[in-house]
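Below is one structure, written out as structure tokens; comments come after it.
The values are calculated or read from the model by the stated rules, or taken from the named source; none is laboratory data. A quick note: this is a predicted structure, and the numbers were derived from the prediction, not measured. Heads up, the Cβs are rebuilt from the backbone with ideal geometry, glycines too, and the neighbour counts pull from every protein chain shown. These accessible areas exclude ligands, DNA and RNA; they are computed on the full protein's heavy atoms, side chains included. Shrake-Rupley method; radii C 1.70, N 1.55, O 1.52, S 1.80 Å.
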Amino acid sequence: MAEVADLVRMSRIGKRYGGVQACREVDFTLGAGEVHALLGENGAGKSTLMKILSGDVTEYDGQIEINGRNVSFAGPTDAQAAGIAMIHQELDLVPGLSVADNIFLGRELRTRWKTVDRRRMEREARTLLERSGVNLDPRRPVGELRVGEQQLVTIAKAISLDARVLIMDEPTSALTTSEVERLFVVIRELRRGGVGIVYISHRMEEIAQVADRATVLRNGQFVSSFDPRKLSTAEVVEAMVGRPVQTMFTTPDAATGDELLRVDNLVLKPRRPRPGRRDPDGISLTVRSGEIVGLAGLLGAGRTELLETLYGVAPGGARSGRIVLQGKEIQPRSPRHALSQGIGFVPEDRRTSGLVLFHSILANTVVSSLPAYGRLGVIARRMERAASVRMADRLRLKFGRLQDDVGTLSGGNQQKVVFGRMLLTEPRLLLLDEPTRGVDIGAKSEIYRLLGELAGQGIGVLLASSELPELVGVCDRVVVLRDGRDVASFSTADSSEGDLLAAAMGDRAVFEGRAVFEEVGGPQ
Amino acid sequence: MTNAQDRSATDSATAPAEVDRPTGAVPSTTAAGATAVSAAKAPTAVAETSGGVVATLFRFQSVFGLLAVFIAAIIFSPRRDGEILFLSADNLANVVRAVSEIGIIAVGMTFVILIGGIDLSVGAVLGLAAVGSAVLMVENDWGFLPSIVVVLAIGLVFGALQGMATAMIGIQSFIVTLAGLQIARGLARIWSDGQGVAIAYGNGPDEAPDSFAILGERTFGGLVPIPVLIFAVVAIAAIVFLRVSAFSRHLYAVGGNEKAARLSGVPVIRVKIAVFAICGLLASLAGIVHAVQLNQGGPNDGIGYELDAIAAVVIGGTSLAGGRGSVAGTVAGALLLGVLNNVLALNNIDSNIQLLIKGLVIVAAAALQRLRPAS
Amino acid sequence: MTNAQDRSATDSATAPAEVDRPTGAVPSTTAAGATAVSAAKAPTAVAETSGGVVATLFRFQSVFGLLAVFIAAIIFSPRRDGEILFLSADNLANVVRAVSEIGIIAVGMTFVILIGGIDLSVGAVLGLAAVGSAVLMVENDWGFLPSIVVVLAIGLVFGALQGMATAMIGIQSFIVTLAGLQIARGLARIWSDGQGVAIAYGNGPDEAPDSFAILGERTFGGLVPIPVLIFAVVAIAAIVFLRVSAFSRHLYAVGGNEKAARLSGVPVIRVKIAVFAICGLLASLAGIVHAVQLNQGGPNDGIGYELDAIAAVVIGGTSLAGGRGSVAGTVAGALLLGVLNNVLALNNIDSNIQLLIKGLVIVAAAALQRLRPAS
Amino acid sequence: GCGTTSERTSAEPQAGSSKECKGADGKYTIGMSQANVAEPYRQRMDDDIKAAAKDVPQFEVKFADAAQDNAKQVADVENYLTQQIDLLIISPNEAKPLTAVVKKAFDKAIPVIVLDRKVEGDAYTGFIGGDNVEIGTAAGKFVAEKLLPSGGNVVEIKGLAGATPQAERNQGFAAGIKPNPKIKIIATASGDWLREKGQAQMDALLKANPKIDVVYAHNDPMAEGAYLAAKAVGREKEMKFIGIDALPIPSGGIKAVEQGRLSATFTYPTNGKEAIAAAKKILVDCGTIEKTQTLQTRLIDKSNAASIYAEEDPTG
Ligand SMILES: Nc1ncnc2c1ncn2[C@@H]1O[C@H](COP(=O)(O)OP(=O)(O)OP(=O)(O)O)[C@@H](O)[C@H]1O
Ligand SMILES: Nc1ncnc2c1ncn2[C@@H]1O[C@H](COP(=O)(O)OP(=O)(O)OP(=O)(O)O)[C@@H](O)[C@H]1O
Ligand SMILES: O[C@@H]1[C@@H](O)[C@H](O)OC[C@H]1O
Ligand SMILES: [Mg+2]
Ligand SMILES: [Mg+2]
């Protein structure tokens, strides 16, 4: 491919974290105008390898050449000067600063008097945002934005660097199909301009669409390199995991039982509305026990807000409509209250809402179910340990020791910890908000298997996801939300991803959405 | 796209006011969060409707407490011949004069707290600077300018050293500056031999130059004390600085998400050192103002000022966690404390009861800031 | 699955020791990572090799500073007839007695700081409790038990009220407790009429019961002062409590990530209120100890103790950001400060120079804690 | 050179009696436990002791600063006991809390000289101090007879709430002005002994009270602060300022009187010199001292300020 003009050549890269060998003698190259996908399970070392390239991690073994010249970066600024930009997996933005300030942080545009040129920054930010497919007011504080919107801001930020090498570490994990398509348009433009792009993702269908080459890492080591367009998803996944994996998501259609949850015309009028929030504005749906119901919708359709309302963490305000759990009307007041009713919730953003990153895996796993492990407020260590080990086994968690900080786990394994914590509360109804965000395909199928198992035990699941294949494959039924209202309901047995998308977008948008599909429909 | 329009319509009707929004960092939020749900291809430009009066008001909600206390002060002020004593020009000048030192310190403290730090040494540095200016001008017979410059430099360097200990070794700033407090206090006592150094003015030996005395006078028809002017200049300079400088973005970034700041190429260590240096500089400026106002540089001057300054910052709405807050809020916080002290003193409330009232008012003022407009 | 085996084999060979690991939150660290790495099908049990001496040592690194200061104290201690004065039994008893009040307060403060808060009111609450016990027993002629119970209840309620203001209204605890400081101090002055209330013992009116006096005595052959015993009991109880209770997990979780804690079903508000209540309770216990040791309840007792207590906590390795730290560290921190004070006093260092030395040692002790073993 | 009243409680055993007196051949370590050095008055006390001890070659004096904390002062004394000092001078932060530890020293046959504020009981060798009620009374009399014989308005700026001298000076002053019923105390405020607090309080007092004739401050720094506040609004000539302490240092009250800012101040003797004299008597001369030695206050006004300053010249 780009043997002649390798933009980046990394050789024999090694990196150790304490007892973990995150990378081991990895070779990696990137050519100009190439989109190189980097694949591997959670914890395979993808992010680490790219952090080394982008100057974030400065202590490592091996060599890096840029344009044939040996380099060694003292920090991210150095790498940026050498034309390397990275979109980090964890959204590293400053919540208190505006979108524009975040995009230009560290490289503020100046006026003649050396002061910050806010106007110009806002103008350019707006253009950049539009280019990456979102129309956001660049003056809004980033802390107010949805996760998906934040992800688009980081993309805009990376694009603004005009880098020759652009590393995208799971840029689409919180995006819905339409934003992803839009991003691909941008990627193609950049590629035409000679930019080399490293693309990391756990969404297999994206790889074949966008990548020219793919490299697989396993346990920090190089496994293989190939043209993803020539391999089937199943083959790619087998290269990643080292064994064949069921990639078609299907959960056995458990016999669904009685009605578990009924939501009737739920409306929430918060006392102090916040911009960008889409509170329930007339939602009705049901979940039967043993049923997995999906929630589809565009960015900001109100899926998260619905789940939050059901879990008792919505902002205070007037609520109308009914929430009925097993025939009994409930008014979820707080997570604690919801848990006591048998409702569990796995939040979307595990780092800010899910985990105490610097606490142990053990402490994070058992925190919701502590009363079960002892009496009179005293914890029986053996019991909590046993529960924790049991859950780790069941979820096939990949970790060193239970005492290790949960923050040292790879993203997907962190997600499993949050998931496991809720399972330990033995819920009747599980509310899941993007539970597989950033989770590798192997682990995903574990989670789906588990969901199937839970459904088999009669637990009801309400699953919000931005991945249409996931919704179609895993759920029995999908409810589509738009603007805080339920607009359609499909049985997955007889509907497609396209149907869901159409319903999510509304009539006019369907047309435009199709247009996008055609324009970007696969690489030429 | 009805979605988007709906959304923004709702938005503009209500106040977006995130309470702790850094006024300095996100200055122009006149328009409400005009976000469009981005569907497929055609992003819809949304008309930027104004966020409304409420939104604007609530951006300055740290001023609410001040306003409430101000109104209470008017109501409870003693009157003479129908004149509301509290509102008389010279009383108001006194109010501001009394908080000018704390105010100057609090501006520097705001910077430190914005990066998520704290500086407990400011009171002691004030004392050191007060002693320094007195000793240099009176005992060493230095001129006005060299003395001032050296004293300011001492504050700057002292702050910078503390900044280095925090930024480079990574010790919590609370500990570094608690140690700094003791060190500065010890130095002040040693330098002054433990006794206040009296400042008399004139050209003789053992006299400070008259040019120094001017700093303590009043101007604008004898109404505005120069210390108030200095405070005002410092505050305005800080506000403008935070609005227009790239440095301020870096500062908010370090306080808001240090990792993100580092990844964006913000020179985190340099920012931290600079911020502590600024804080030390302002503390020593306050020390100079202190000395000239009291005609003395005392080694024990400024004891406990750090808590007052932090209180002003926090009442002003700046979060101790860093990343959010504003100098304007701090000024409001300092004035609130000043007005409160003044009206209690005007009414000659028993000093013990004063303590109770102050405590309750401070909590009430802070609680008021948590309020948001109901929709 | 070889993957998993590789991984875990490597793990057990090295020390992952995250320095600031909350000792309380992850209690069972006696054995190294004995967890089954579960890959695909066959979970592999890994032999429990020790995390290494270094790791263990560094979990207790807040003790390092104490050790260093202790050794320095022995070296620099004055001697008489070959006897190292610092090491004499009654001097050591004095050292611990002198820190017992700060120590008791600091235990409560550790709880508050662990949830990411701060309590500035402890010194004033100590004063209030000291006054309270004196007034009740001496002036109101109450018995020992009712007096103690009421005084402790006052501290508890005072703390709980502050906790409510923080947890329920959402005011930063710094502000709430700064106000609380003033209110408690005002109450103490009003209750005592502004004068220290002397405590004499006996059965007469205006005398406190002898049973109270016992709290100030020494035991174990006149060697161990009861206040030291009380401190020890409080510290041990707190350490055990943090290790075994479900509550402590909640506490660490709230401090580590409040939002995550809430979503995990932790009763955040209740935890916060409880923690501030405990801190108030311990401050009032310290006030009782203070009164009995000084035979007086003074309205100005305990001024500035809050900073000493916070210093002990932070030197003990607890992070002001919350979520990590330990009571054992705090005890070490308090003892470090006590030893330092003692050895400086024994050597009759000039009090100003003492300030400098203390400042430098505190920074050095904190810097020492930042050291980690190279991997 | 001040007037001294003494009382003798001769029945008490004097400490040191059990020990053999080594007299002039010995070397003696004296521990001085000061309540705090943040107040100029107390720093001056230490300075006086240091200066006086220079003249006694047998003496080595150590100083400890309790920083206004009773508990710390107890620890300071205990540390002195560990070091086995030969004589203790203590100026207690407060009476009752220090009584026990002073007794402990005294019982160990260490002579104890208590300065300024008494401890309770009689387990000490000698007390040297001023009488704050008397000083307050003298100030009151001065106002009633000299400054406002035909009556007028007084504002009182008090010391730190809870400090004994504050209560006593308040009480004495009230007694002193009693004979002149036309004198009214129209306002009191707490200045916490501090110059800047005196200034800030006076700002408000000036505003609230159009007619003030005399400002009585419990110490000179607060009087000076009040003066500065009045001067700032051009009213310093309308009223007289009096303070207490009269420290013979450049920033002290005597200079302020000499330079016309204060009308008068009253000496509050530091007793430093006297304490060393007493120590010398006990240790070097193997003698005994008076149990109580009360140093009288002295009125300093324009007429005697310069000469007294010269007499007590700090640099001398
Ligand atoms: N800062 C760190 N400290 C300790 N271990 C770390 C650290 N960062 C990464 N690791 C470990 O290094 C290994 C590789 O992590 P890395 O983040 O590179 O994985 P990844 O391939 O990006 O996984 P994911 O798909 O989940 O993002 C993991 O085992 C992880 O636990
Ligand atoms: N203005 C705001 N202030 C605070 N939090 C907000 C705001 N807007 C959105 N959020 C939070 O952001 C999250 C919703 O954003 P998210 O990224 O989940 O949207 P989405 O998943 O794309 O859309 P949805 O889940 O609503 O269909 C919720 O946690 C919500 O409470
Ligand atoms: O000014 C003095 C004050 O500092 C001291 O505490 O008591 C006596 C006063 O005269
Ligand atoms: Mg990764
Ligand atoms: Mg969502």
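Observations on the structure shown:
- Computing FRET efficiency as 1/(1 + (r/R0)^6) for A:Asn265 and C:Met164, where r is the C-beta to C-beta distance and R0 is 41 Å, gives about 0.65.
- Long-range amide H partners of D:Leu262 with built H, under 5 Å: D:Val257
- Accessible area expressed per residue, the protein assembly as shown, with surrounding protein chains retained (probe 1.4 Å, Å²): 35
- Shielding by other protein chains, A:144-155, mean Cβ within 10 Å: 1
- Rounded, prolate or oblate (a/c below 1.5 giving rounded, otherwise prolate when a/b exceeds b/c) for the range C:172-292 by Cα gyration tensor: oblate
- For a straight C-alpha distance cut-off of 20 angstrom, the lysines reachable from D:Lys302 (same-chain residues fewer than eight places away being disregarded) are D:Lys141, D:Lys146, D:Lys231, D:Lys237, D:Lys240, D:Lys255.
- Take each peptide in D:255-263, A:302-310, A:222-230, count the other Cβ atoms within 10 Å of every residue, and average; sorted highest first, the result is A:302-310, D:255-263, A:222-230.
- Its DSSP H runs of at least 4 residues, each contributing -39,500 (n - 2.57), put the calculated 222 nm mean residue ellipticity of chain A at -10000 deg cm²/dmol, to the nearest 500.
- Between identical copies, the spacing of C:Ala232 label points, each set 7 Å from Cα toward the C-beta atom, reads 6.4 nm from nearest to farthest.
- Pair A:Phe226, A:Ser11: separation of 7 Å Cα→Cβ label points (nm): 2.7
- Prolate/oblate/rounded label for the range A:27-162 (Cα gyration tensor, a/c 1.5): prolate
- Simple Cβ-charge dipole of the range A:222-339, Lys/Arg +1 and Asp/Glu -1, about Cα centre, in debye nearest 20: 700
- For the pair the range D:162-232 / the range A:394-473, the C-alpha centres are spaced 73 Å from each other.
- Rounded if a/c under 1.5, otherwise prolate or oblate - the range C:295-343, Cα gyration tensor axes: oblate
- Taken one residue at a time, the phi angles of the range C:73-88 give Karplus couplings (6.51, -1.76, 1.60, θ = phi - 60°) of 4, 5, 5, 8, 5, x, 10, 9, 6, x, 7, 7, 4, 4, 7, 4 Hz. Gly and Pro are set to x.
- Using a 7 Å Cα-to-Cβ projection, C:Leu360 label spacings across copies, nm, ascending: 5.0
- Residues in the range A:397-422 occluded by at least 40 Å² - accessible area, probe radius 1.4 Å, against chain by itself: A:Lys398, A:Phe399, A:Gly400, A:Arg401, A:Gln403, A:Asp405
- Net charge of the neighbourhood of A:Asp258, taken over other residues with C-beta under 15 Å away and scored Lys/Arg +1, Asp/Glu -1, is +1.
- Compared with its chain on its own, the range D:201-215 contains the following residues whose accessible area drops by 20 Å² or more in the full protein assembly (probe 1.4 Å; ligands, DNA and RNA excluded): D:Gln201, D:Asp203, D:Ala204, D:Lys207, D:Ala208, D:Pro210.
- The mean number of partner chain beta-carbon atoms within 10 angstrom of a residue's beta-carbon across peptide B:247-253 is 5.
- Unit charges at the beta carbon, dipole of chain D: most positive-side option, D:Ala306, D:Ala24, D:Phe127: D:Ala306
- The aspartates and glutamates within cross-link reach of C:Lys272, meaning a Cα-to-Cα straight distance under 16 Å and a gap of 8 or more places when in the same chain, are C:Asp119, C:Glu258.
- Across the range B:240-352, the mean sequence separation of Cα contacts (distance under 8 Å, 6 or more residues apart), normalised by length, yields a relative contact order of 21 percent.
- Protein heavy-atom accessible area occluded, A/B pair - total, 1.4 Å probe, Å²: 4700
- Straight Cα distances below 17 angstrom link A:Lys230 to the aspartates and glutamates A:Glu34, A:Glu205, A:Glu206, A:Asp212, A:Glu238, with same-chain residues fewer than 8 positions distant left out.
- Peptides C:199-212, D:206-219, D:230-243 ranked from most to least packed, by the mean per-residue count of other Cβ atoms within 10 Å: D:206-219, D:230-243, C:199-212.
- Surface composition of the protein assembly as shown: carbon plus sulfur atoms contribute 57% of the solvent-accessible area (1.4 Å probe, protein chains only, all chains present).
- Placing a label point 7 Å from Cα along the Cα-to-Cβ axis, B:Ile269 is separated from the same position in the other copies by 4.6 nm, shortest listed first.
- Backbone amide hydrogens, once placed in the peptide plane, bring A:Leu39 within less than 5 Å of A:Thr215, A:Val216, A:Leu217, excluding anything fewer than 5 places away on its chain.
- Taken residue by residue and averaged, Cβ atoms of other chains lying within 10 Å of the Cβ of B:190-198 number 6.
- Across the range A:341-355, coupling constants 3J(HN,Hα) worked out from phi with the 6.51/-1.76/1.60 Karplus curve, θ = phi - 60°, read 8, x, 9, x, 9, 10, x, 6, 9, 4, 6, 8, 10, x, 10 Hz, and Gly and Pro carry x.
- Distances between placed amide hydrogens fall under 5 Å for A:Ile87 paired with A:Ile167, A:Met168, A:Asp169, all partners being 5 or more residues away or on another chain.
- For the range A:90-121 versus the range B:170-221, the gap between their alpha-carbon centres in whole angstrom: 39
- The range A:364-493, relative contact order in percent, only Cα pairs under 8 angstrom and at least six apart counted: 19
- Charged neighbours of D:Gly151, selected by a Cβ distance under 10 Å, balance to +1 (K, R count +1; D, E count -1).
- Each label point was placed 7 Å from the Cα along the Cα-to-Cβ direction; for A:Ser320 and B:Ser211 their separation is 7.4 nm.
- Once you reduce the range B:88-153 and the range D:99-156 to the center of their Cα atoms, the two points are 37 Å from each other.
- Packing, taken as the mean count of other beta carbons within 10 Å per residue, orders the peptides A:147-154, C:247-254, A:384-391 from highest to lowest as C:247-254, A:147-154, A:384-391.
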